[in-house]
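One structure is given here, and the rest of the page talks about it.
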Amino acid sequence: MRKHIVAGNWKMNKNFEEADELVSNIMDKLEETDLKDTLLIVCPPFPYLELCTDYSNDSYFMVGAQNVSDKESGAYTGEVSASMLKSIELDYCIVGHSERRAYYGETDALVAAKVNQLLANEIKPIVCCGEVLEEREANKQFDVVKKQITDGLFHLTAEQFSEVVIAYEPVWAIGTGKTATPDQAQEMHAFIRSLIAEKYGKEVAEETSILYGGSCKPGNAKELFANPDVDGGLIGGASLKADDFVAIATSF
């Protein structure tokens with residue numbers, strides 16, 4: 001059975017004291033909650049990674065980074081390598097988020113290189129894909145997502161691919177308050193799973209967790225997660241409130 005996963009992407013939010021308070025509150029909430037088969041992942045900004053890993057040692061969540069360099073090491077000022085993330089025992093890392101693609105020009109080739117670095121260091125990539133509003137309105141969403149997955153991931157072997165988590169994020173729904181309908185989410189998730197099955201076979205496809213990202217909240221998570229191909233969520237704004245984040249995680 002594939003994992004149910006709820007991952008919180010804090011983006012560039014919180015100072016140190018606020019981060020400490022948030023992760024402490026998440027830990028307290030988890031002590032009162034039975035998540036059953038749901039895996040919770042916290043992805044804070046780089047300065048708070050070790051803070052969160054210290055907390056995670058005594059709680060029921062894992063920690064991931066929001067980005068990683070495509071280079072192994074060297075004179076790359078401001079970059080953080082996968083081996084550095086491994087040295088503080090991170091489990092996951094987000095790759096190819098739409099904001100990285102839009103604001104920093106990240107390409108599918110760069111995403112592929114980052115995925116390679118993470119897998120070489122035994123860190124599981126959470127690889128994002130999704131279309132902007134203009135592409136959805138032009139009915140090009142399937143072509144866009146197919147290219148992102150094919151160019152970013154299909155160079156991997158089946159064994160390597162089995163370590164990957166995919167997050168579908170309709171870009172028009174991120175931070176806008178709009179959400180893809182449950183039917184729209186299921187349609188795209190089923191399409192992504194069919195692409196994986198064509199490339200790696202049905203067994204690998206059925207074991208791949210595909211998350212939904214895009215204004216997922218406690219009020220709509222249960223309906224979204226009820227879809228057979230929606231295995232959880234990549235949560236933005238709602239992950240900045242412990243009550244909301246844990247409530248989403250209990251929506252399965």
Exercise. For region 86-100, enumerate the residues that are touching a helix residue (DSSP H, G or I) at 6+ places or on another chain (Cβ under 8 Å) and surrounded by 14 or more Cβ atoms within 10 Å (Cβ to Cβ).
Key: Glu89, Leu90, Cys93, Val95, Gly96, Ser98
Quiz prompt | Leading residue by the ranking (farthest from the chain's Cα centre (by Cα)) among those in region 49-58 that are surrounded by fewer than 22 Cβ atoms within 10 Å (Cβ to Cβ) and closer than 23 Å to Glu32 by Cβ | solution = Asp58
Quiz item: Quick check: anything in region 145-154 at pLDDT below 95 and buried (at least 17 other Cβ atoms within 10 Å of the Cβ)?
Solution: no
Self-check item: Whichever residue in region 100-131 is among the hydroxyl-bearing types (Ser, Thr, Tyr) and part of a helix (DSSP H, G or I) and, among such residues, is farthest from Lys71 (Cα to Cα)
Solution: Tyr103
Self-check item: Those residues of region 78-99 which are part of a helix (DSSP H, G or I) and without any contact (Cβ under 8 Å) to a residue 24 or more places away in the chain, in sequence order
Solution: Met84, Ser87
Quiz item: Say we look at region 118-144 and pick out the residues that are among the β-branched types (Val, Ile, Thr) and touching a Phe, Trp or Tyr at 6+ places or on another chain (Cβ under 7 Å); which of these is modelled with the lowest pLDDT?
Solution: Val132
Quiz item: Where residues in region 59-85 are charged (D, E, K, R) and surrounded by fewer than 16 Cβ atoms within 10 Å (Cβ to Cβ), which of them is nearest to Leu30 (Cα to Cα)?
Solution: Glu79
Practice problem: Determine, yes or no, whether Thr157 is surrounded by fewer than 23 Cβ atoms within 10 Å (Cβ to Cβ), under 25 Å from Glu31 (Cα atoms) and among the β-branched types (Val, Ile, Thr). | Solution: no
Self-check item: Complete set of residues in region 171-192 that are touching an Asp or Glu at 6+ places or on another chain (Cβ under 7 Å), surrounded by 21 or more Cβ atoms within 10 Å (Cβ to Cβ) and either modelled with pLDDT of 95 or more or among the polar types (S, T, N, Q) (or both)
Solution: His189
Quiz item: How many of the residues in region 1-33 are more than 21 Å from Glu89 (Cα to Cα), in contact (Cβ under 8 Å) with a residue 24 or more places away in the chain, among the charged types (D, E, K, R) and part of a loop (DSSP other than H, G, I, E, B)?
Solution: 2
Quiz item: From the list Ala190, Ala180, Ala167, which one is in a loop (DSSP other than H, G, I, E, B) and hydrophobic (A, V, I, L, M, F, W, C)?
Solution: Ala180
Exercise. Answer yes or no as to whether Ile41 is at pLDDT 95 or above and closer than 22 Å to Lys241 by Cα.
Key: yes
Exercise. Could you run through region 34-58 and say how many residues are hydroxyl-bearing (Ser, Thr, Tyr) and not in a helix (DSSP H, G or I)?
Key: 1
Practice problem: Would you point out the residue of region 4-37, among those that are surrounded by 14 or more Cβ atoms within 10 Å (Cβ to Cβ) and modelled with pLDDT under 95, that is nearest to the chain's Cα centre (by Cα)? | Solution: Leu35
Self-check item: Whichever residue in region 195-240 is without any contact (Cβ under 8 Å) to a residue 40 or more places away in the chain and not in a helix (DSSP H, G or I) and, among such residues, is surrounded by the fewest Cβ atoms within 10 Å (Cβ to Cβ)
Solution: Lys217
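The values are calculated or read from the model by the stated rules, or taken from the named source; none is laboratory data. Since the structure is predicted, the reported quantities are computational estimates derived from the model, not experimental observations. Counting neighbours? That spans all protein chains shown, and the Cβs are built from the backbone with ideal geometry, glycine included.
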